[in-house]
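S.K.: Submitted below is the structure of interest, expressed as structure tokens.
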Amino acid sequence: MVAILLMGAASGLPFNLTLSTLQAWLADAKIDIKVIGWFGLVGIPYLLKFLWAPLLDRYLPPLLGRRRGWIVILQALLAVDIALMGTCDPGTMIFRLQAFAVALVFLSASQDIVIDAYRVDLVPPRERGLASALTGFGYRGAASFASTGVILIASFVGWHLAYATAAAVMALMILATLWSPEPEMPARAPNTLSQAVVDPFLDFLRHRNVWGLLLLVPLYKVGDAFALTLYSAFMIKGVGFSLAELSIAGKANMTISTLAGTAIGGWLYLRWGLLRSLLTLGIAQAVTLLLFLWLAYAGKKVWLLVLVTSVDTLAGGMGQAAFTAFLMCLCTTGYSATQYALLSALAAIPRVFMSPVAGYVVDRLGWANFFLIAFFTCLPGLAVLLFLRDTIRAIDAREKASAAAAA
């Protein structure tokens, strides 16, 4: 479980360096809001990672086993790319910065493929609730550091040293990977590349209402993704907070509330089961988005910044813990890299493609209307969840039966 926590941190660290942290950098450099919105498209590799996931399932690196060997290689490349990204100047090197950001997302997506597969292979069904909570705990904590810590460092010594610090922390993650254990019964790699590509998809089709499940995956957190896609730009350009205020009052408390939400969400999943936790926490995610509407109307108030970000990220962390457990339940050991890559790619669609849309919505309608629209985008996912309630109950029952049999 400590290994799961550390792997979650390694996966979360690069994430915000191309999202909220990069947005803060661009906003601080006075880049136009529409350009900042288009920068969200650097996340496209997160949507396409299932295309090369079979390669990571099929081929084994020479050292450290099927999963950890790939993770170490990717972490070393990530550290180098983050350092190079920090050498860019957004005002004069915008295209070079974008290229390094795309490379960072590609490497981060590849690391996610292998770490997600490692978690599915390592954790038995009875411990998935705890594993999903610890994954979210590590992921959100490291992602918050990549925004809170990096922005705070940038406010004192500049963005170049801030990204160099993030690169050093990424390099240290290699030590955690070297220490992490191999699964007790590691799944066998596919014999051919054709099997690695075809068999995971055929296996996934065994699920009842499979197309409904595939629709639920991107819709469940679509409102959250839409609202937060321009979070840093909203706080700096929309409300007027400084980098230091955003880092300390906005993002530092987000770290605490996110970690608390993830822990609570994992605990509620164990008590409530899959359907009740997904539904209840999904409603909480939607309602808390309306707090940003309040902040948009109220203007620059530090206490309100703390309140809004704390409550929203608490609900978001709770929902993410249940959602991660749901995705793990849909995967089969042996095909976990490709299957989880497909599911997480689907989940990333709103976050990537809504960024340019968000920029234009804000430009035309303003921040208040933007957050009101974000609330309404939550409703289709909740409707699909209710429609699939019997299917999700059946998945939950199957997981509990597997856990009982293993015990």
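The values are calculated or read from the model by the stated rules, or taken from the named source; none is laboratory data. Every value quoted in this text rests on a predicted model; they were computed, and no experiment measured them. Reconstructed Cβ throughout: ideal geometry from the backbone, glycine too, with neighbour counts over all protein chains shown.
S.K.: So the check is Cβ under 6 Å with 6+ separation or different chains; which pairs have a first residue in segment 259-276 that's touching a residue at least 40 places away in the same chain (Cβ under 8 Å) and a second one that's hydroxyl-bearing (Ser, Thr, Tyr) and part of a helix (DSSP H, G or I)?
M.R.: Every condition considered, the pairs that remain are Gly266/Ser132; Leu268/Ser277; Tyr269/Ser277.
S.K.: Among the residues of segment 239-264, count how many are more than 28 Å from Ser132 (Cβ to Cβ), at pLDDT 75 or above and surrounded by 19 or more Cβ atoms within 10 Å (Cβ to Cβ).
M.R.: 2
S.K.: Yes or no: Leu77 within 22 Å of the chain's Cα centre (by Cα) and surrounded by fewer than 22 Cβ atoms within 10 Å (Cβ to Cβ)?
M.R.: So Leu77 passes the test.
S.K.: If we keep just the residues of segment 57-74 that are of a type in the set (A, V, I, L, M, F, W, C) and crowded, with 23+ Cβ neighbours inside 10 Å, which is farthest from Ser180 (Cα to Cα)?
M.R.: Within segment 57-74, the match that is farthest from Ser180 (Cα to Cα) is Leu74.
S.K.: Moving on to the next point. Under 7 Å by Cβ, and 6 or more places apart or on different chains, what pairs join a residue from segment 287-307 that is more than 14 Å from Leu228 (Cα to Cα) with one that is at pLDDT below 85 and β-branched (Val, Ile, Thr)?
M.R.: Note: pairs meeting the criteria are Gly299/Val239; Lys300/Val239.
S.K.: Further, regarding this structure: What about Ile31, is it buried (at least 18 other Cβ atoms within 10 Å of the Cβ), among the β-branched types (Val, Ile, Thr) and in contact (Cβ under 8 Å) with a residue 60 or more places away in the chain?
M.R.: Working: buried (at least 18 other Cβ atoms within 10 Å of the Cβ): yes; among the β-branched types (Val, Ile, Thr): yes; in contact (Cβ under 8 Å) with a residue 60 or more places away in the chain: yes.
So Ile31 passes the test.
S.K.: From Leu60, Leu13, Leu55, which residue is out of contact with any strand residue (DSSP E or B) (no Cβ under 7 Å at 6 or more places or on another chain) and under 15 Å from Ser108 (Cα atoms)? Walk me through how you get there before you give the answer.
M.R.: Details: Leu60 fails: under 15 Å from Ser108 (Cα atoms); Leu55 fails: under 15 Å from Ser108 (Cα atoms).
Answer to the check: Leu13.
S.K.: Follow-up question, since we're still on this one. From Phe375, Phe353, grab the single residue that is surrounded by 14 or more Cβ atoms within 10 Å (Cβ to Cβ), within 29 Å of Val105 (Cα to Cα) and modelled with pLDDT of 90 or more.
M.R.: Numbers: Phe353 fails: modelled with pLDDT of 90 or more.
Being surrounded by 14 or more Cβ atoms within 10 Å (Cβ to Cβ), within 29 Å of Val105 (Cα to Cα) and modelled with pLDDT of 90 or more holds for just one of Phe375, Phe353, which is Phe375.
S.K.: Does segment 213-221 contain any residue that is closer than 30 Å to Ala27 by Cα and part of a helix (DSSP H, G or I)?
M.R.: There is at least one residue in segment 213-221 that is closer than 30 Å to Ala27 by Cα and part of a helix (DSSP H, G or I).
S.K.: Would you mind finding the one in Leu279, Leu228, Leu246 that is within 17 Å of the chain's Cα centre (by Cα) and either under 18 Å from Gly316 (Cβ atoms) or without any contact (Cβ under 8 Å) to a residue 24 or more places away in the chain (or both)?
M.R.: Testing whether each residue is within 17 Å of the chain's Cα centre (by Cα) and either under 18 Å from Gly316 (Cβ atoms) or without any contact (Cβ under 8 Å) to a residue 24 or more places away in the chain (or both) leaves just Leu228.
S.K.: Pairs only if they're at least six apart or on different chains, beta carbon under 8 angstrom, first in segment 1-15 and surrounded by fewer than 23 Cβ atoms within 10 Å (Cβ to Cβ), second of a type in the set (Gly, Ala, Ser) and not in a helix (DSSP H, G or I); list them, first residue then second.
M.R.: Pairs that qualify, where the first residue is surrounded by fewer than 23 Cβ atoms within 10 Å (Cβ to Cβ) and the partner is of a type in the set (Gly, Ala, Ser) and not in a helix (DSSP H, G or I), are Ala3/Ser180; Leu6/Ser180.
S.K.: May I pose another question? Return the only residue of Leu314, Leu342, Leu327 being closer than 18 Å to Phe50 by Cα, modelled with pLDDT of 85 or more and within 20 Å of the chain's Cα centre (by Cα). Before the answer, list the steps.
M.R.: Values: Leu314 fails: closer than 18 Å to Phe50 by Cα; Leu342 fails: modelled with pLDDT of 85 or more.
Among Leu314, Leu342, Leu327, only Leu327 is closer than 18 Å to Phe50 by Cα, modelled with pLDDT of 85 or more and within 20 Å of the chain's Cα centre (by Cα).
S.K.: Another one. Can you name the condition, by its number, that Leu64 falls short on among (1) in contact (Cβ under 8 Å) with a residue 40 or more places away in the chain; (2) assigned to a helix (DSSP H, G or I); (3) over 19 Å from Tyr340 (Cα atoms)?
M.R.: Answer for Leu64: the failing condition is (2).
S.K.: Test Arg96 against the stated conditions and say whether it is out of contact with any His (no Cβ under 8 Å at 6 or more places or on another chain), among the basic types (Lys, Arg) and outside any helix (DSSP H, G or I).
M.R.: Spelling it out, it is not the case that Arg96 is out of contact with any His (no Cβ under 8 Å at 6 or more places or on another chain), among the basic types (Lys, Arg) and outside any helix (DSSP H, G or I).
S.K.: Can you name the residue in segment 201-212 that is surrounded by fewer than 14 Cβ atoms within 10 Å (Cβ to Cβ) and assigned to a helix (DSSP H, G or I) and, of all such residues, is modelled with the highest pLDDT?
M.R.: Top of the filtered list is Trp211.
S.K.: Just a yes or no: is a residue in segment 213-224 modelled with pLDDT under 90, out of contact with any Cys (no Cβ under 9 Å at 6 or more places or on another chain) and among the charged types (D, E, K, R)?
M.R.: Scanning segment 213-224, I find no residue that is modelled with pLDDT under 90, out of contact with any Cys (no Cβ under 9 Å at 6 or more places or on another chain) and among the charged types (D, E, K, R), so the answer is no.
S.K.: For segment 306-360, give me the residue count where each residue is of a type in the set (S, T, N, Q) and either in contact with a strand residue (DSSP E or B) (Cβ under 9 Å, 6 or more places away or on another chain) or farther than 20 Å from Asn16 by Cα (or both).
M.R.: Step one: of segment 306-360, the residues of a type in the set (S, T, N, Q) are 309-310, 313, 320, 324, 332-333, 336, 338-339, 344, 355.
Within this subset, residues satisfying the condition of being either in contact with a strand residue (DSSP E or B) (Cβ under 9 Å, 6 or more places away or on another chain) or farther than 20 Å from Asn16 by Cα (or both) are 332-333, 336, 338-339.
The qualifying residues number 5.
S.K.: Next up: So which of Ala24, Ala53 is of a type in the set (A, V, I, L, M, F, W, C), closer than 24 Å to Leu246 by Cα and buried (at least 23 other Cβ atoms within 10 Å of the Cβ)?
M.R.: Among Ala24, Ala53, only Ala24 is of a type in the set (A, V, I, L, M, F, W, C), closer than 24 Å to Leu246 by Cα and buried (at least 23 other Cβ atoms within 10 Å of the Cβ).
Residue-wise test of (1) surrounded by fewer than 24 Cβ atoms within 10 Å (Cβ to Cβ); (2) within 24 Å of Leu213 (Cα to Cα); (3) acidic (Asp, Glu).
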residue	(1), (2), (3)
Gly273	yes, yes, no
Arg276	yes, yes, no
Leu279	yes, yes, no
Leu293	yes, no, no
Lys301	yes, no, no
Thr313	no, no, no
Gly316	no, yes, no
Gly319	no, yes, no
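S.K.: Same structure, new question: Filter segment 1-19 down to residues that are assigned to a helix (DSSP H, G or I) and within 19 Å of Ala79 (Cα to Cα), then give me how many there are.
M.R.: Of the residues in segment 1-19, 11 are assigned to a helix (DSSP H, G or I) and within 19 Å of Ala79 (Cα to Cα).
S.K.: Looking for whichever is among the small types (Gly, Ala, Ser) and at positive phi here; the options are Gly12, Gly69, Gly65, Gly40. Which one fits?
M.R.: After ruling out the rest, the residue left standing is Gly65.
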